[in-house]
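As structure tokens, the structure follows; a few thoughts come after it.
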Amino acid sequence: MKLVVDAALCQGYGLCHDEAPDLLELDEFGYAGTISEGIVVPERMSAAEAAVGICPARALRLVD
């Protein structure tokens, strides 16, 4: 699976980073970007799902 950030929707809340700091990084303004091209290993899937679920702007999604 791959974690994707829609930059147009991201509002810079940073809640996703709190859930998955090893999968997401924040720029100097708090906007999210993925680490390692967004690839999510099975062991980190629950953290990725939590990050997707907590985003108030719905800027994250998991894709095959």
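Every number here is computed from the coordinates shown, using simple stated rules; none is lab data. All figures in this text were calculated on a predicted structure; none of them were measured in a lab. Cβ placement follows ideal geometry from the backbone for every residue including glycine, while neighbour counts extend to all protein chains displayed.
Peptides 48-54, 34-40 ranked from most to least packed by the mean count of surrounding Cβ atoms within 10 Å: 48-54, 34-40.
The charge dipole of the chain, taken about its Cα centre with unit charges on the Cβ atoms of Lys, Arg (+1), Asp and Glu (-1) only, comes to about 220 debye. Mind grabbing the base-10 log of I(q)/I(0) for the stretch 2-63 at q = 0.20, 0.26 Å⁻¹? Debye formula, identical points on the C-alpha positions, no solvent, two decimal places. Taken in order of the listed q values, log10 I(q)/I(0) reads -0.61, -1.08. When only Cα pairs below 8 angstrom with a gap of at least 6 residues are kept, the stretch 2-63 shows a relative contact order of 46 percent.
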